[in-house]
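Engineer: The structure under discussion is supplied below as structure tokens; questions concerning it will follow.
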Amino acid sequence: MNKEKSIIGFWKKGKLGKPLHFDLKYWHGDYLRKEYRDKRQSRLTPAPDGGVMADLGSHSLSLLIAILGNRVMVTSALQAGHFSDVREDSDLFSQISLYDASSGAAGTLSASRISSGTGDYFSFELYA
């Protein structure tokens, strides 16, 4: 794809203004089913090597960095979710707060393996 015609190319032209805030979500619901969890035990390793943020959230974060640049930093993080058959230190939902030092924009990124009714839900909102 021609970068000039891509969303990232359009954004980088600056016609939408300066980034102010953002909200990114990648939610998945299949891990609610035990048989799905049983088949994917290798994905249920704990952060930082594993976890839902490494598994799902990394895709959203890569897109954000492609748009804003590599001065995005994590300011805080929360992990939640537990099933008796999943290691207690394995997160099933994570939310991180982010700050872009280049633009001053701030926002959140959440990733979930246990969001009922979402299927595969991806949302990327950037306000300028």
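The values are calculated or read from the model by the stated rules, or taken from the named source; none is laboratory data. The structure presented is a predicted model; accordingly, all values stated were derived computationally and were not measured. Ideal geometry is used to build each Cβ from the backbone, glycine not excepted, and the neighbour counts take in all protein chains shown.
Engineer: Going through T118, T75 one at a time, which residue ends up being at pLDDT 95 or above and among the hydroxyl-bearing types (S, T, Y)?
Structural biologist: Values: T118 fails: at pLDDT 95 or above.
Among T118, T75, only T75 is at pLDDT 95 or above and among the hydroxyl-bearing types (S, T, Y).
Engineer: Could you check how many residues of region 64-76 are farther than 13 Å from A106 by Cα and either touching a residue at least 60 places away in the same chain (Cβ under 8 Å) or surrounded by 15 or more Cβ atoms within 10 Å (Cβ to Cβ) (or both)?
Structural biologist: Selection size over region 64-76: 1.
Engineer: Give region 44-58 a look and list any residue that's without any contact (Cβ under 8 Å) to a residue 40 or more places away in the chain and among the charged types (D, E, K, R), or say none.
Structural biologist: D49
Engineer: Looking at this structure, is S103 surrounded by 13 or more Cβ atoms within 10 Å (Cβ to Cβ), within 23 Å of I7 (Cβ to Cβ) and more than 15 Å from the chain's Cα centre (by Cα)? Before you say what the answer is, go through the steps one by one.
Structural biologist: On the way: surrounded by 13 or more Cβ atoms within 10 Å (Cβ to Cβ): yes; within 23 Å of I7 (Cβ to Cβ): yes; more than 15 Å from the chain's Cα centre (by Cα): yes.
In short, yes.
Engineer: So for region 15-23 (the condition being out of contact with any Ser or Thr (no Cβ under 9 Å at 6 or more places or on another chain), loosely packed, with under 14 Cβ neighbours inside 10 Å and of a type in the set (A, V, I, L, M, F, W, C)), does at least one residue qualify?
Structural biologist: Yes: region 15-23 contains one or more residues that are out of contact with any Ser or Thr (no Cβ under 9 Å at 6 or more places or on another chain), loosely packed, with under 14 Cβ neighbours inside 10 Å and of a type in the set (A, V, I, L, M, F, W, C).
Engineer: Which residue, of L24, L61, is in contact (Cβ under 8 Å) with a residue 40 or more places away in the chain, closer than 20 Å to S102 by Cβ and assigned to a strand (DSSP E or B)? Explain how you work it out, then say what you get.
Structural biologist: Details: L61 fails: assigned to a strand (DSSP E or B).
Only one candidate passes the filter, namely L24.
Engineer: Checking R87 against (1) farther than 21 Å from Y121 by Cα; (2) at pLDDT below 90; (3) touching a Ser or Thr at 6+ places or on another chain (Cβ under 7 Å), which single condition isn't satisfied?
Structural biologist: Here R87 clears every test but (3).
Engineer: Moving on to the next point. Can you work out which of the residues in region 84-98 that are hydroxyl-bearing (S, T, Y) and more than 16 Å from D49 (Cβ to Cβ) is farthest from the chain's Cα centre (by Cα)?
Structural biologist: We begin by selecting, within region 84-98, every residue hydroxyl-bearing (S, T, Y); these are 84, 90, 94, 97.
Among the residues that remain, those that are also more than 16 Å from D49 (Cβ to Cβ) are: 84, 97.
Numbers: S84: 25, S97: 10 Å.
If we take residues in region 84-98 being hydroxyl-bearing (S, T, Y) and more than 16 Å from D49 (Cβ to Cβ), then S84 is farthest from the chain's Cα centre (by Cα).
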